[in-house]
Each structure stands twice: as structure tokens, then as C-alpha cells.
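A short reminder: the numbers here are calculations on the coordinates, not readings from a lab. Not measured: the values here are computed from a predicted model. Cβ sites come from the backbone with ideal geometry, for glycine too, and all protein chains shown count toward neighbours.
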Amino acid sequence: MVYPMNWNVTEGQGLRIASAGHAVFAATMIALGILGFFKGDFAPVWEPVPKGVPGREALAWLCASISLAAGAGLLWQRVAAPAARLLLLWLLLWLLLFRVPNIFLLPAVEASWSGCAETAVMVAAAWVLYAWFAAGGKGVRIARALYGLTLIPFGMAHFIYVKQTAALVPAFLPSHLAWAYFTGCAFIAAAVAILIGWYARLAAALSALQIGLFTLLVWIPIVAAGSKDSFQRSETILSAALTAGAWVVADSWRGTPWLAANEPRPYSERW
């Protein structure tokens, strides 16, 4: 199996760890699978699914099974490649069947774009892992571009729902409205940088850090305070999953200088 240069891949006792982001993402998928079985319903990454979808309950169990099996498989040497392929195909199918149609049906509703972007982050992460383990590094650029596109709706949501975003800014920070605008601009700036390959590694890492900080400073404290709001609980889990996904994509630039003004060709394309 061919790995991208400059990657430290651990292969011992059957384990296969390409990066810290890979390990966290795999653990996240395992946790989502366990949560799905515990709830007997869809974990937040797969929601929302219309109530009228045929076989909805069976579909929820299937999502939980794939999350758990693929997450565990991503950590196991012999099955990492097929696990990455399974997860990518399932997430891509989910994106095309349950997210993309909303953009055409309700194009003026921001939630249609954000929902599509959230699933696309997970697709991009699975695509990076598939490229590492099953495709010899090919396809990473597509995954990166997809991730870059997802950051645009995230940024726009901060402007469309600026008051709601400002209300979520931790109390110890001043100028809540300014932070709402700043983080929205940061997402869009990162999207542009990634899409044109200009300081792309830095942009991807900072965007992943920003999503992670939302999880740590906004959603986890809300849940820890005893919130029983199902939306807030779901957003916390979803934000954690998006952090893991963004981390995997950011890790795909490992070995590239942080301040590289132009993105070099992937190693697989140089051979």
C-alpha cells in the first residue's frame, strides 16, 4: 500500500493510524454508531430525515451499523481501505439523496445549504482517508476542494443569523457582534484560500481550529450547564463530528510548509 510521503503511519498489532485526525475521526464514527443504536434513531450527522421516508427505522439502524463498522475498520490494518470506501460511498449517497435536493427545492433557505455543507465535510474527510488507504493518494485534491466549498455556507450563516450567532459567543469575550462577523469572514477567507491553493494548509488548519473552538467554548458549556434542548445537544454532537472531519482534511496537507503560498501537486501525481 502506498502512503503519502512525510506521513507517519503506525502499523502494529493490526492497527493503522495515519494521523491524529484519522484516529479522532474513526473514534467519532464509532461513537456516532453507538449513539444511533442507543437512540434507536439517527445520530445528528444523519439528521434530518423526513418522517415519511420508507423504511426509516431500518435506515437509521443501517446508518448506525455503517458508522460503527466503518469507524472501527478505519483503525484496522487489513480492512482500513474497504472501510474508507464504504464510508465514503455511504456518505456521498446520503449527500446526494438527502441534502443536495434541498438546495433545489428550497434554495432561498440557508439551512438547505448549511445542511448540505455539514454532510459534505464528512464526505471530504472520508474521501481523504479513502485516498490514503485505497487510492494511493489520488483524489485528495477533490476532497480538499469539497471541504473548501463547505466553508462558504458556514460563513454566510454567520451573516444571515448574525444576532443568533452573537448570542452564542461566550460571555467572557467582548463585542459579541464583532466576533460573529469576524468568524463568518474567517470561514469565507479560508474557503477562498483552500480553493485557490494559497496558504491552503494554514487556512484548513485554522478553519478546523475554529470549528473545534465552537465545540469547546460554545456547545459543550451549554450542554454541561444542563441544557435539555434536543437541538443544542444535537448541535454539540454535530459540531464535534465536524471538528473531527475538518481535522482529517487539514491533516492532508501535512508535509506542506505552513506558509506555502502555492499548493504543491500531491505526491501521487509526481510519480
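The ranking of Lys51, Lys138 from fewest to most other beta carbons within 10 Å of each one's beta carbon is Lys51, Lys138. Which value at 222 nm does the chain reach when only helices count, each DSSP H run of 4 or more adding -39,500 (n - 2.57), with the total divided by all residues and rounded to the nearest 500 deg cm²/dmol? -21000 deg cm²/dmol, from helical runs alone. For the pair Ala166 and Ala111, label points projected 7 Å from Cα toward Cβ lie 2.3 nm apart. Modelled spin labels at Ala58 and Ala145, positioned 7 Å past Cα toward Cβ, are 3.7 nm from each other. Placing a pseudo-label 7 Å from each Cα along the Cα-to-Cβ vector at Asp229 and Leu209 gives an inter-label distance of 2.8 nm. Above 22 Å lies some portion of the pair distances; for region 10-269, what is it as a whole percent of all C-alpha pairs? Cα-Cα pairs of region 10-269 separated by over 22 Å account for 55 percent. The shape of region 24-163 comes out oblate: with a ≥ b ≥ c from the C-alpha gyration tensor, a/c is at least 1.5 while a/b does not beat b/c. Taking each residue as 0.36 nm, the span from Ala260 to His176 lengthens on full extension beyond its C-alpha to C-alpha distance by 27.0 nm. Database remark: amide H of Ile17 closer than 5 angstrom to the amide H of Thr10 (H placed geometrically; neighbours at sequence offset of 5 or more, or on other chains; Pro and chain starts carry no H).
If you rank Tyr130, Tyr161, Tyr147 by fewest surrounding Cβ atoms within 10 Å, what's the result?
Values: Tyr130 24, Tyr161 17, Tyr147 30.
Lowest to highest Cβ neighbour count: Tyr161, Tyr130, Tyr147.
Set the Förster distance to 22 Å, then compute FRET efficiency between Ala20 and Ile220 from the Cβ-Cβ distance, nearest 0.05.
0.65
With Cβ to Cβ distances under 12 Å as the rule, what net charge do the other residues near Arg56 carry (K, R +1; D, E -1)?
Details: positive: Lys51; negative: Asp41, Glu47, Glu57.
Here the charged neighbours net out to -2.
Each residue of region 185-195 was assigned a 3J(HN,Hα) from its phi angle through the Karplus curve 6.51 cos²θ - 1.76 cosθ + 1.60 (θ = phi - 60°); the sequence is 5, 5, 4, 5, 4, 5, 4, 4, 4, 5, 5 Hz, with glycine and proline shown as x. For region 21-35, backbone phi angles converted through the Karplus equation (6.51, -1.76, 1.60; θ = phi - 60°) give residue-by-residue couplings of x, 4, 5, 5, 5, 4, 4, 5, 5, 4, 4, 5, x, 4, 4 Hz, Gly and Pro being listed as x.
The overall shape of region 94-212 is oblate: from the C-alpha gyration tensor, with semi-axes ordered a ≥ b ≥ c, the ratio a/c is 1.5 or greater and a/b is no larger than b/c.
Summary of packing: across the peptides 33-46, 165-178, the per-residue average of other C-beta atoms within 10 Å ranks them, highest first, as 33-46, 165-178.
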